[in-house]
Amino acid sequence: MSRQTDDGALASRKIMSNADILSALQWRQSTKKFDSTRQISNEDFELILEAARLSPSSFGFEPWNLLVITDTDLLQAIRETAWGAEGKLPEASHFIVITAKTSAALEPHGEYLRHMLQGIRGYNAEEYADYIDNWFEPWARNDYGRFETPQLLHEWAARQAYIALANMMTVAALRGIDTCPIEGFNQGKVTKLLEQFAGLDTALDLPVVMLALGYRAEAARPKTRRPMSEIACKI
Ligand SMILES: Cc1cc2nc3c(=O)[nH]c(=O)nc-3n(C[C@H](O)[C@H](O)[C@H](O)COP(=O)(O)O)c2cc1C
């Protein structure tokens, strides 16, 4: 991309002020109790999903899926396995289970990577083979040791899924919409529920984290964070 195009694209985009961004980040809190009377508009919810879809991922593999759960029986069943969902289920307006690809789904030359590279990115057979054999496979094997134990490719996929999670939470906050990420659930039980209710193929996708969205029914809490001096350093 030429410098001219870069500058042109930036010039035509409205840049938010630092104050607006900071105020949204300060306002965002993991909402413990949602207001069950308020619903997110379709337009805002589509925008939040788009924030996940446009998220970056290592090698561009997008190794996640979003299960937007609307079935009230399934929501109730998830609630029973999820201590971390108290005050969010059924109160939240929307509820998403984020799944990450399994190690089997991410096998080099497996169906999913072929779909991503040839189907989505439009690589021809030669470009596809080069990307897998000369870039992804050697990186995963030698640089990041992802074949050392069977779970490691899946754990790597989960890291990518959390980028989509974070982007959804930030975009929601920018729109004045509350969220709560949820890991307080039994993964094995939720996996079984998704298999049973949604036909999830657990050989390929497994739930890693959930997200409740809506509007808070609680006061703002003061934020506690380590000081910047403890977090970032110049070397
Ligand atoms: C990956 C992840 C999982 C979390 N799981 C839960 C959960 O199950 N239930 C809950 O109430 N809060 C959960 N939280 C919220 C955290 O407790 C919260 O982000 C943290 O205390 C900081 O507070 P803040 O988000 O309000 O700034 C989770 C947060 C993250 C990032």
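How much FRET efficiency would the formula 1/(1 + (r/R0)^6) give for N134 and S58, where r is the Cβ-Cβ distance and R0 is 22 Å, rounded to 0.05? My answer for the efficiency is 0.85.
Partners of K192 within straight-line reach, counting lysines whose Cα lies under 23 Å from its Cα and excluding those fewer than 8 residues away in the same chain: K88, K101. Convex hull of alpha carbon positions in region 58-211: directionally averaged projected area 9.9 nm².
In region 130-208, the C-alpha radius of gyration followed by the widest Cα-Cα span (Dmax) gives 16.3, 45 angstrom. The magnitude of the dipole of the chain, with charges of +1 and -1 set on the Cβ of Lys/Arg and Asp/Glu and taken from the Cα centre, is near 1080 debye. Residue exposure proxy: W156, W135, W27, ordered by other Cβ atoms within 10 angstrom of their Cβ from fewest to most, comes out as W135, W27, W156. Net length available on complete extension from N42 to E111 is 21.6 nm, with 0.36 nm assigned per residue and the Cα-Cα distance removed. In this structure, K192 and A217 have a Cβ-Cβ separation that, at R0 = 22 Å, corresponds to a calculated FRET efficiency of about 0.10.
If R0 is 35 Å, the Cβ-Cβ spacing of T149 and W27 corresponds to a FRET efficiency of close to 0.30. In this simple spin-label model, placing a label point 7 Å from the Cα along the Cα-to-Cβ direction at both A232 and S17 gives a separation of 2.1 nm.
Read-outs throughout are calculated quantities, based only on the coordinates presented, and are distinct from any laboratory measurement. Quantities reported herein were computed from a predicted structural model and do not represent experimental measurements. Cβ coordinates were reconstructed from backbone atoms using ideal geometry, including for glycine residues, and neighbour counts include every protein chain displayed.
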